[in-house]
Amino acid sequence: MIHHTLGAGTMALGAFLLAATVYHVATDDSRANLTSDTTMVRGFYGCATIDMEERQFHLLISKDSEAWMAYMKPRLDAGVCRDLEKGMRIAVEQRQPSRHKEDLGNWYCARPYADPQCYWAPGGFVFGKDL
């Protein structure tokens, strides 16, 4: 079991970087132009369901690191959320537009190679030549 700890400064920096790098990818088709030759542009914690991922994202940008850790630690320990490291080779399996008022663009379900599960992440953290 891996113990995950992030300080308040790291969380604030992460929220700033997230807000600065999320971009909108213009398409509504959740399966069009997906690619298996993809890498994570920036590291991010992804979760197995988009509901979990959007919840952790909103806790992250709220800068409430204690609430974020309370939400994420059991999910990280259970393996339903994981660290998608910068440069990690992934296959993008699904795309879905954000369902919230913030303009977050699309969310992508990124499956790390050798892992059968895909994990959702904002589009600004996933890069592929066909996206």
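Ranked by the mean number of other Cβ atoms within 10 Å per residue, highest first, peptides 64-74, 43-53 order as 43-53, 64-74.
Label separation (Asp51 vs Thr39): 3.6 nm, computed from points 7 Å beyond Cα along the C-beta direction. Amide H contacts for Gln94 (H built 1.01 Å from N in the peptide plane; partners 5 or more residues away or on another chain; cut-off under 5 Å): Cys109.
Amide H to amide H distances under 5 Å link Thr39 with Ile90, Phe127, where only residues 5 or more positions off or on other chains count and H is placed in the peptide plane.
We did not get these values from a lab; they are worked out from the coordinates using the rules stated. Note that this is a predicted model, so its numbers are computed, not measured. In this analysis, Cβ positions are derived from the backbone assuming ideal geometry, glycine residues included, and neighbour counts consider all displayed protein chains.
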